[in-house]
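First up is the structure itself, then whatever we jot down about it.
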Amino acid sequence: MTTLSFRGHIFKINAKELIFPFLVLIFCGAYYVDTRGLPDRSVLYAEPILYTTVLFALAVIFDFGVQFNPNGTDQGESVSSMTGVTTDKWRSKNALYVILLTSAYLVGMRIQFTLATFLFLGGTLYTLGEQNRQVLILYSTVLTAIIYAVFVFWLRIPL
């Protein structure tokens, strides 16, 4: 973590937490430049979604990557992280589980997209530490329904 001071204000920057949001911002910028001349009805026209993605990336930057302390007093060394747990053993084990879940999902999609998506989302969320069954079921159900609605009803792509 890098600490900067400017006119009595302290900024703490965690570079590891900034990698993914900056990649997302670069992708959004390239996509905007590539699609800005398309007509409004084009399927590739994604400005509302693109702006939302940029806002989420900026929220991640300011929530996890940059800490701002206006008074210059340290309020403890608890550093928030997107992953929460930072042990190497935890990362290795869960990375393997996510890879296995992704592989199973790619196979399961060919059999039944909706069920495979529901199970993948629930399994991944459980692997990342969520224990509440209601949250697992609700999150998986809502996100699967949104994905299904976007592809089937909006984009008219059969799944």
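On the protein heavy atoms, probe 1.4 angstrom, tell me the percent of accessible surface of the stretch 92-154 carried by carbon and sulfur.
73
Where does the stretch 92-154 land on Rg(C-alpha)/(2.2 N^0.38 Å)?
Scaled against compact globular proteins, the figure is 1.14.
Seen from all sides and averaged, what is the projected area of the convex hull of the Cα atoms in the stretch 2-68, in nm²?
The number I arrive at for the stretch 2-68 is 5.4 nm².
How much length is gained on full extension from LEU25 to LEU38, taking 0.36 nm per residue of separation minus their Cα-Cα distance?
2.6 nm
Going by average Cβ neighbours within 10 Å, how do the peptides 111-117, 29-35 rank, with the highest at the top? Walk me through the intermediate numbers first.
Working: 111-117: 14.7, 29-35: 12.1.
Highest to lowest by the protection proxy: 111-117, 29-35.
Have a look at ALA57, PHE6, THR35 and report the one farthest towards the positive end of the charge dipole of the stretch 2-68, computed about the Cα centre with Cβ charges (Lys/Arg +1, Asp/Glu -1).
About the Cα centre, the residue reaching furthest to the positive side is PHE6.
The values are calculated or read from the model by the stated rules, or taken from the named source; none is laboratory data. Since the structure is predicted, the reported quantities are computational estimates derived from the model, not experimental observations. Counting neighbours? That spans all protein chains shown, and the Cβs are built from the backbone with ideal geometry, glycine included. Note: areas computed on protein heavy atoms with side chains; ligands, DNA, RNA excluded. Shrake-Rupley method; radii C 1.70, N 1.55, O 1.52, S 1.80 Å.
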